[in-house]
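Presented below is the structure to which this report refers.
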Amino acid sequence: MSNNLKYVLVHFLILVSLSAMTQNDLKNDSLPFRDITQYPSSFSSENVLLRMIDGLGFRFYWATEGLRNEDLIYRPNEDARTSEETIDHVMGLSKMVLNSLNSTPNITSGEETSPKSFEEKRKIVLNNLFEARQMLASNLIKVEEVKIIFVRNKTTSELPVWNLINGPIADAIWHTGQIVSFRRSSGNPFDSKVNVMLGKLR
């Protein structure tokens, strides 16, 4: 199967998944990753990476659930990012993950801030991660072929999937933990009913 045909098929499957998810969300008023109790039935490199993305999506969903304006503007000191600036960074990282699976070059650094509303940013992060995990679930993506592609000053460089794991995925998990810490400091702690081991709300 040619690469072009493969990516057309992958995106068709993702659109079907997103459509089904959207209909479900209209009923349940939810975004992806609220619950990740359903996991792959087989072991493969693709499914391991998929499950890492599930774990990130679940943590980000609950880290950002119910954030108030006073939480979003909180920063522990003048040199640190605010919670919302941290969310901007996670948004850039989530796009980098999706771009890697799409073989799309990363033009921006992932450090940029965004004028979008918090609700829009949260939805973008979760949908980027959902689309990435659906691509892996399609069985049309081979992990060993995944690369992070950067374009800087007309120069293109590539890194293997290993750097996707220890780079943007691990970095997004790291920063999601910061959001949890920041919201505790601003008086709105993470929901104690969230069970990160089982991937559900108790």
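Summary table below
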read-out	value
Candidates S30, S94, S19, filtered to the one that is among the hydroxyl-bearing types (S, T, Y) and either modelled with pLDDT of 95 or more or within 24 Å of D171 (Cα to Cα) (or both)	S94
Extreme residue, modelled with the highest pLDDT, among residues of the range 98-124 that are in contact with a strand residue (DSSP E or B) (Cβ under 9 Å, 6 or more places away or on another chain) and not polar (S, T, N, Q)	P105
Selection count, the range 76-126, where residues are under 23 Å from V151 (Cβ atoms), free of Cβ contacts under 8 Å to residues at least 24 places away in the same chain and not in a loop (DSSP other than H, G, I, E, B)	1
Search result, residues across the range 172-194 that are polar (S, T, N, Q) and either more than 25 Å from Q38 (Cβ to Cβ) or surrounded by 13 or more Cβ atoms within 10 Å (Cβ to Cβ) (or both)	T176, Q178, S181, S185, S186, N188
Boolean, E46 is over 21 Å from I148 (Cβ atoms), at pLDDT 95 or above and assigned to a helix (DSSP H, G or I)	no
Selection status of I148, of a type in the set (V, I, T), part of a helix (DSSP H, G or I) and in contact (Cβ under 8 Å) with a residue 12 or more places away in the chain	no
Residue that is surrounded by the most Cβ atoms within 10 Å (Cβ to Cβ), among those in the range 35-89 that are within 13 Å of the chain's Cα centre (by Cα) and among the basic types (K, R)	R59
Flag if E131 is of a type outside the set (S, T, Y) and in contact with a helix residue (DSSP H, G or I) (Cβ under 6 Å, 6 or more places away or on another chain)	yes
Subset of the range 127-143 [surrounded by fewer than 20 Cβ atoms within 10 Å (Cβ to Cβ) and either assigned to a loop (DSSP other than H, G, I, E, B) or over 16 Å from the mean Cα position of the chain (by Cα) (or both)]	S138, N139, L140, K142, V143
Pairs, first closer than 17 Å to V196 by Cα in the range 19-42, second of a type in the set (D, E) and modelled with pLDDT of 95 or more, C-beta under 6 Å, six or more apart	I36/D54
Among the candidates N153, N166, residue that is modelled with pLDDT under 95 and either within 19 Å of the chain's Cα centre (by Cα) or farther than 24 Å from Y61 by Cβ (or both)	N153
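The values are calculated or read from the model by the stated rules, or taken from the named source; none is laboratory data. Note that the structure is predicted; figures quoted are calculated from it, not measured. All Cβ positions, even for glycine, are placed from backbone atoms using ideal geometry, and neighbour counts span all protein chains on display.
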